[in-house]
There are 2 protein chains.
Amino acid sequence: MKLYTYFRSSAAYRVRIALNLKGLPYEAVPVHLLRNGGEQRQADYLALNPAGLVPALEDGGAVLTQSLAIIEYLDETHPQPPLLPGDALGRARIRALAQAIACDIHPINNLRVLQYLSRELGASEEQKTAWYRHWVEEGLAAVEAMLAQAPRSGRFCFGDTPTLADICLVPQVFNAQRFKCNTAHIPTVLRIAEACEALEAFRLAAPANQPDAE
Amino acid sequence: MKLYTYFRSSAAYRVRIALNLKGLPYEAVPVHLLRNGGEQRQADYLALNPAGLVPALEDGGAVLTQSLAIIEYLDETHPQPPLLPGDALGRARIRALAQAIACDIHPINNLRVLQYLSRELGASEEQKTAWYRHWVEEGLAAVEAMLAQAPRSGRFCFGDTPTLADICLVPQVFNAQRFKCNTAHIPTVLRIAEACEALEAFRLAAPANQPDAE
């Protein structure tokens, strides 16, 4: 398998964790999001993924896009260890936690959105940082409330093995720390992220450990 | 089942379509996103869904959140007709199309984001409209490219029966038309949305046909 990736992309980071948890070897093809006006917007990459976003995964002849769709595909084609364990309600909970991050936080703080804020709306660096922190802090507060309420949270977001929810959580916590967001209100989130980071699958997927890390 | 919904919410609209396609009756509980400072931010609703977003679905004693997680749950618990048909690659394609809308377009144009633009960044109505159109037009162009390339697009996004992808497409096209976005570049998207709107399950789920429509 070939993963089109950028070391700091949250969405690529998620897929790297999933591949590692499944023990699947892959070739990393770096796509630099800032160099040359964004390599993800160049014709050869757009032919693979018309959305012009990373990651994309090549498996056999097929090209898959969208990190959560890719991870569900990996889970269907390589069921062990399961990333969506439990019954239908359990899986709904795991997916809801994943989407509370992948839909409600991450897209609003994506590079192209931050670029639009400065280029089109004249936002200052300070305003962009406030924007970034606002959505992370509000979004992770919702995740914290979901986790703290639930009898099914364990060592990880859902029980005692890592799932799709943890796969989304860790890159988002990494971003929160990178942008010095307030995290005093999310002890459960931090406790779970730490438990994940003790696992090699998560550590090896971290931005600093990528071939294209800067 | 009880659906906490707002007539104009895209995410609630998706779940309404799914419930109709499955033939599942439900009680609609309106949550007004603009009245009283946003009913979704009041304590009784936050106790159900700490994220303060619609929709939420009550089924038996359980409360489910996040529209895509809810729809996958409905599909697992009521398999007919399947909303994620096909093999693993097919499902990955359906989910990728759904997420190209639910992650890459919709969250950036959500009410709370538009409110932040005006309240915190002083964006004018004109700037907010330009913002809205930008993400819809760019995002649906990517969806168009995905659909136009693929041998598996049929009458609907994936073959000839409606799937999770169509469920996400129709509310997004509704928004595009409501905000008078440019749609000249997305003929396949429009053709499929029209095919969907010929079905009663989609029509009955439309904002204008909700009990809380204004």
Yes/no for A:Leu97 being within 9 Å of chain B (Cβ to nearest Cβ), part of a helix (DSSP H, G or I) and more than 20 Å from the chain's Cα centre (by Cα): no
Segment A:186-209, residues that are outside any helix (DSSP H, G or I) and either surrounded by fewer than 20 Cβ atoms within 10 Å (Cβ to Cβ) or within 15 Å of the chain's Cα centre (by Cα) (or both): A:Ala198, A:Leu199, A:Ala206
Residue match in segment A:130-150 (condition: at the interface with another protein chain (Cβ under 10 Å from one of its Cβ atoms), outside any helix (DSSP H, G or I) and free of Cβ contacts under 8 Å to residues at least 60 places away in the same chain): no
Entirely in segment A:1-66, the strands (runs of 3 or more DSSP E) that have 3 or more residues that are modelled with pLDDT of 95 or more and surrounded by 20 or more Cβ atoms within 10 Å (Cβ to Cβ): A:2-5
Residues that are of a type in the set (Lys, Arg) and free of Cβ contacts under 8 Å to residues at least 24 places away in the same chain, drawn from segment A:16-66: A:Arg35, A:Arg41
Scan of segment A:71-90 for residues that are in a helix (DSSP H, G or I), more than 7 Å from chain B (Cβ to nearest Cβ) and within 26 Å of B:Pro55 (Cβ to Cβ), ordered by number: A:Ile71, A:Asp75, A:Gly90
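The values are calculated or read from the model by the stated rules, or taken from the named source; none is laboratory data. Just so it is clear, the structure is predicted and the values come from calculations on it, not from any experiment. Methodologically, a virtual Cβ is constructed for each residue, glycine included, from the backbone with ideal geometry; neighbour enumeration extends over all protein chains shown.
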